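No value in this document is a laboratory result; all are computed from the given coordinates. Here the structure is a predicted model, which means the values were calculated and not measured. Note: ideal-geometry Cβ built from the backbone for every residue, glycine included; neighbour counts use all protein chains shown.
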Amino acid sequence: MKKIAVFLVSSLLAASAFAGELEDSVKADYDEHLGALWDHFHRNPELSTVEVETAKRMATELRTAGFDVTEGVGGTGVVAMMENGNGPLVMMRADMDGLPVEEASGLPNASTATQMSPLSGKVEHVMHACGHDVHITSLVGTARQMAARKDEWSGTLMLIAQPAEEAIGGAAMMREDGIWERFGQPDYALALHVSSENVAGQVNVIEGSPYAGVDTVDIIIHGVGAHGASPHRGKDPIVLGSQIVLALQTLVSRELAPRSAGVVTVGAFHSGTKHNIISDRAHLQLTVRNTSLETRDLLLNGIKRIAENMGRAAGLPEDKLPEVIVSENPSPPMINTASLARRLKIAWSEDMGESRVVSIPTKTMVAEDFPSFVMDPDIPTVYWAVGGTPQKDFDREMAGGEQVPSHHSPLFKISPEPSVRTGVESTVVALLELMGD
Ligand SMILES: [Zn+2]
Ligand SMILES: [Zn+2]
């Protein structure tokens with residue numbers, strides 16, 4: 001008994017000594033380098049697939065930290081490797097892209113940047129409105145910590161700066177460019193997102209699905225055009241489309257098990273040209289979201305069944321039934337490896353303090369393209385959140401004051417220092433847990 005107690009006390013002391021030392025070291029690096037680096041990235045955001053200057057700066061930073069860096073992987077992607085003896089290959093990813101949003105955060109370093117968007121073909125305002133500037137700054141902090149701690153771990157560390165996450169495709173682009181074949185397939189894959197919904201300084205990790213899977217679906221409704229005064233001569237695609245929109249609402253409310261998560265949103269409904277013309281076509285555009293492949297099948301099959309059979313009910317012939325087109329590039333749900341999530345949660349609780357580690361389930365069905373890295377083949381993975389909003393801002397909102405701005409809003413504003421520091425601390429603790437001696 002005595003021996004165990006002594007061991008426990010000494011290991012706790014060691015853990016807290018490590019925790020304090022890591023916290024101080026990351027704080028010192030924030031003051032000396034990372035704070036200014038975040039400021040630079042925040043002032044200079046770039047749009048998806050054209051993160052050219054951001055990628056260059058990331059390559060320079062990671063090379064300076066002592067990593068072997070390759071640029072231009074899957075477009076503007078950067079891969080930084082550090083080999084340090086025998087052990088697992090562990091990958092940590094940070095996404096680099098900003099959004100076409102005009103910043104109105106009121107921050108002193110608010111972005112005034114504009115850039116030609118390859119997606120819209122127009123010059124757009126650009127803002128780091130999702131906090132990816134925190135991710136890349138944290139990745140540099142992690143690189144500097146891990147390089148300074150080479151005697152505390154062994155294995156191979158792969159740090160990735162990924163393009164075009166917001167466009168859902170950058171991860172797949174890096175896979176298509178042979179990232180695993182060229183640099184090795186990781187034994188573990190890690191990623192984090194700063195979250196305005198979590199308290200600054202906290203780590204939020206769950207065992208289930210932190211991000212939803214998404215499919216983009218188009219429904220083309222073929223009608224028969226007619227004069228608006230002669231509805232009996234046509235087949236009105238607006239009426240049929242409206243019936244389909246309402247019938248789709250029953251998929252989540254009546255067919256999906258109530259404890260499973262799913263979303264069917266009809267985001268666009270286009271039809272018609274004029275008051276008195278019955279159109280011959282309607283086009284519905286949907287986003288369909290899931291947290292499991294079973295739900296995905298249920299929703300996609302249900303949409304097809306409802307659209308076609310509503311067409312039959314409207315009296316359309318078999319060759320004129322509504323067409324349901326599912327986009328070829330679905331994003332699967334992000335599902336954490338439960339045992340690994342538990343293991344890292346324990347490590348974070350021990351090394352960062354239990355009060356800083358929470359498991360708050362995700363409320364929204366926002367998607368991520370990280371699953372492209374970790375599915376097919378399956379790689380054990382954990383994706384966690386780092387809080388970015390000071391408690392006082394939540395208190396203000398609770399008291400009926402100004403709301404905490406959400407991601408992608410022009411008002412988006414997280415606290416950089418606790419976000420970046422917690423990003424670095426949590427990543428270093430996770431890497432040392434997986435690669436530590
Ligand atoms: Zn985003
Ligand atoms: Zn994001």
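Brief remarks follow.
- Residue exposure sequence - 318, 53 - by fewest surrounding Cβ within 10 Å: 318, 53
- Check: the chain dipole with +1 on Lys, Arg Cβ and -1 on Asp, Glu Cβ, in debye: 1240 debye
- Placing R0 at 51 angstrom, the Cβ-Cβ distance between residue 395 and residue 254 gives a FRET efficiency of 0.85 after rounding to 0.05.
- Panel order for 51, 197, 103, 402, by other beta carbons found within 10 Å of each beta carbon, from fewest to most: 402, 197, 103, 51.
- Sites residue 411 and residue 328, calculated FRET efficiency, Cβ-Cβ separation with R0 35 Å, nearest 0.05: 0.50
- Model label zone, residue 376; criterion: amide N under 20 Å from point 7 Å along Cα-to-beta-carbon; scope segment 267-300: 288-300
- Value of D in µm² per second that Stokes-Einstein yields for the chain, Kirkwood Rh from Cα pairs, at 25 °C (0.890 mPa s): 104 µm²/s
- Rel. contact order, % - alpha carbon contacts under 8 angstrom, at least six apart, the chain: 23 percent
- Simple label model, 7 Å out from Cα along Cβ direction - residue 83 to residue 104, nm: 5.3 nm
- If the Kirkwood radius is taken over C-alpha pairs of segment 289-401, then at 20 °C and 1.002 mPa s the Stokes-Einstein diffusion coefficient equals 117 µm²/s.
- Measuring r between the beta carbons of residue 18 and residue 342 and using R0 = 25 Å, the FRET efficiency lands at 0.75.
- Cα-based reach from residue 27 at 12 Å (exclusive), listing aspartates and glutamates while leaving out same-chain residues under 8 positions away: 417, 425
- Highest mean first, the peptides 248-254, 56-62 sorted by other C-beta atoms within 10 Å per residue fall in the order 56-62, 248-254.
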